[in-house]
Ligand code: SF4
């Protein structure tokens, strides 16, 4: 690794021209089993609220990402490529060399108070998981959530981390004054596949319990059923079992997404596949040989089945203990039932 070249990209609001160590980055390791083999690079970020480039086809405009890299180590992770901007690799380095923006909470409070800030919705967990294991030690999200609560600024969180429940107090306080929502990511509940491809994450069933607890406490929580893995978790029986467990957890909605393999994730995934399931490699090359996405017909077939099972098992039918203490607001146009259940 070339330390003098270790830089942050401008992709999340940082100045790419300033090397990490010019900003006083501190390298740290922890001698505990959960962090063995991991290195943390503590940096002072220049800014923390990031405006998503207009070309991105995502349903949010602003994000906060306190970490880069993710100890959850999902083999398919689409964010792997972003580690290359730091002169780190998108494979093992992404899993074990984590950038920590230690001043994230302080910056969030400052930027939310700026007269230039328009009070927009802020999405978190959209690049890497903000409740990955490092958060248990650094506790950056507590400060960020407190700042969002104090600014009554709407926000949402996507995570695989059950650690989000540590912050239930702040989430419910924020939900008293602004719009707060969450999604947990559970692409499948197959235990063998989970251990193999998401080795650093909590069990998917614990994630679903987390979803249930959030809803029980008035934080609307749905499930991003992603990724659905071709030939590993896409059989009708596997899809239906997952959807049923999502329904049983009381998820407010379900959003199915088939695996996509962009550069960075693609190489890491195919190398794992050729070691563990070599017979599947030709089938993956057939599906992803021409690009990052599986053919539309395949995607529609899978999402169509998920939709059918979601209706059968009543995803979104359970009413969460929400409609919290927010003052009444004008009634928005009624969404189509399908929008309620399938984003
Ligand atoms: S939890 Fe999310 S960000 Fe972390 S490795 Fe898995 S897919 Fe990537």
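The values are calculated or read from the model by the stated rules, or taken from the named source; none is laboratory data. Please read these numbers as outputs of a predicted model, since none were measured by experiment. A quick note on method: Cβ atoms are made from the backbone with ideal geometry, for glycine too, and the neighbour counts reach across all protein chains shown.
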| said: Can you report the number of residues in the range 221-241 which are touching a helix residue (DSSP H, G or I) at 6+ places or on another chain (Cβ under 8 Å) and at negative phi? | reply: 13
| request: Return a yes/no flag: does the range 187-206 have any residue that is over 25 Å from residue 278 (Cα atoms), in contact (Cβ under 8 Å) with a residue 24 or more places away in the chain, touching a strand residue (DSSP E or B) at 6+ places or on another chain (Cβ under 6 Å) and buried (at least 20 other Cβ atoms within 10 Å of the Cβ). | output: no
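Select from the range 33-45 the residues that are free of Cβ contacts under 8 Å to residues at least 60 places away in the same chain and under 15 Å from residue 100 (Cα atoms) and list them in ascending order. Give the derivation first.
Taking the range 33-45 as the starting set, the residues that turn out to be free of Cβ contacts under 8 Å to residues at least 60 places away in the same chain are 33, 36-37, 39, 41, 43-44.
Result: 39, 41, 43, 44.
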| note | If you go through 152, 123, 92, 113, the only one that is surrounded by fewer than 19 Cβ atoms within 10 Å (Cβ to Cβ) and within 22 Å of residue 59 (Cβ to Cβ) is 152
| query | Condition test on residue 298, is it in a helix (DSSP H, G or I), under 16 Å from residue 223 (Cβ atoms) and at pLDDT 95 or above? | reply | no
| field | the range 141-162, subset within 15 Å of the ligand (Cβ to nearest atom) and assigned to a helix (DSSP H, G or I), residue farthest from residue 121 (Cα to Cα) | value | 162
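List the strands (runs of 3 or more DSSP E) inside the range 57-137, counting only whole elements, that have at least 1 residues being more than 29 Å from residue 31 (Cα to Cα).
On the way: elements: 62-64, 97-101, 122-124.
Output list reads 62-64, 122-124.
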| query | Any idea how many residues of the range 77-129 are within 29 Å of residue 221 (Cβ to Cβ), within 15 Å of the ligand (Cβ to nearest atom) and touching a strand residue (DSSP E or B) at 6+ places or on another chain (Cβ under 6 Å)? | reply | 9
| query | Do any residues in the range 130-152 that are more than 13 Å from residue 70 (Cβ to Cβ) and at pLDDT 95 or above have Cβ atoms under 6 Å from those of residues that are within 15 Å of the ligand (Cβ to nearest atom) and assigned to a loop (DSSP other than H, G, I, E, B), where the two are at least six apart or on different chains, and which pairs are they? | reply | 140/66; 141/130
| query | Can you tell me how many residues in the range 162-177 are out of contact with any strand residue (DSSP E or B) (no Cβ under 8 Å at 6 or more places or on another chain) and within 12 Å of residue 148 (Cβ to Cβ)? | reply | 5
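Is it the case that residue 274 is surrounded by fewer than 15 Cβ atoms within 10 Å (Cβ to Cβ), under 24 Å from residue 127 (Cα atoms) and either under 22 Å from the mean Cα position of the chain (by Cα) or at pLDDT 95 or above (or both)?
So residue 274 fails the test.
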